[in-house]
Structures are given as C-alpha cells and as structure tokens.
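Undergrad: The following block contains the structure, expressed as structure tokens.
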Amino acid sequence: MRLLPARFGMTARKKSTGKHAADEILIPDKLYFRIGEVATLCRLPAYVLRFWESEFPQLKPIKSSTGQRMYRKRDVESVLRIKQLLYEQGFTISGARQQLRAETKSDKTQAAIPFPTQAAPEIQHIRQGLRELLDLLSARRTG
C-alpha cells in the first residue's frame, strides 16, 4: 500500500481549525480500481465521480470489455486533488478545472534532466570493441 503525498492535504492528524479531521487515505498498490472502490477510497458517491468525468478532461478512466469504469492510480490521485480543490479550498468547478490545467502546464515546463555530454568510460569501451569487430568483419569480406 502507498500513502498519498502531502500535497493532497490528507493527513492522519486532526486539523487545528476545528473542522472535521481529514483521515489518512491509503491507495492500494494495484493497477485498476472499479468506480465503487474509488468512491469508497475517496469518500464520494459514484455519481459525483461520473459527473466529474464530464467536467474534468484529465479524469478519463478506461472502460473494460463489460463497460465498467476502471480507474488507474493517477486517476484516483486526480479525484483526490479535485476533491481538495472543490471541498477544502472552495474552488468552483470552472476554477478547479483552470487550476488543474495550470498545474499540469507547470509540471510539463520543468527542466528536463540533461543528457550527459561525455560518454561514460564503459560505453566508450563498448564502442571501441564494436569498432574492432566491425573492422574484423570488413577485413574478412575484402580478404
């Protein structure tokens, strides 16, 4: 099982604001979740999840051969983020949609990991070996 990152605002401790405590949310380590499982995990009715699918383009569960919605782990995390924006931070659906779009855009603009400019000595050694093999094979053709 995996604990959600703190950015989703779900903690095991009680909040000091006097509101109801957000319980710890554990997302089981599996590939797909049925809509009922997601509803239980996120403490939301299934009809809310179906409605959010129509309002948030990033929430796209796949459908099984029987037509049942199958959510991936990232879909469950998106549901929790949407719930936080709407219920805890007071966003409207339109505002939450814009916020998620902005967050997605900022994630994509992060700097990429630079590609090493010099090959590691092991790779250089392998290249040299391949060149020697190529030379041997070329010598056999011409000889």
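Undergrad: Only residues that are surrounded by 11 or more Cβ atoms within 10 Å (Cβ to Cβ), more than 19 Å from the chain's Cα centre (by Cα) and assigned to a helix (DSSP H, G or I): list them for region 28-54, please.
TA: Selection gives G36, T40, A46, V48, R50, F51.
Undergrad: Follow-up. Could you please find all residues in region 44-56 being free of Cβ contacts under 8 Å to residues at least 24 places away in the same chain and not acidic (D, E)?
TA: P45, A46, Y47, V48, R50, F51, S54
Undergrad: Taking region 38-60, which residues are closer than 11 Å to S78 by Cβ and polar (S, T, N, Q)?
TA: Matches in region 38-60: Q58 only.
Values quoted throughout were computed directly from the atomic coordinates according to the rules given, and no laboratory measurement underlies them. It should be emphasised that the depicted structure is a prediction, and the values quoted were computed from it without experimental measurement. All Cβ positions, glycine included, derive from the backbone under ideal geometry; neighbour counts span all protein chains shown.
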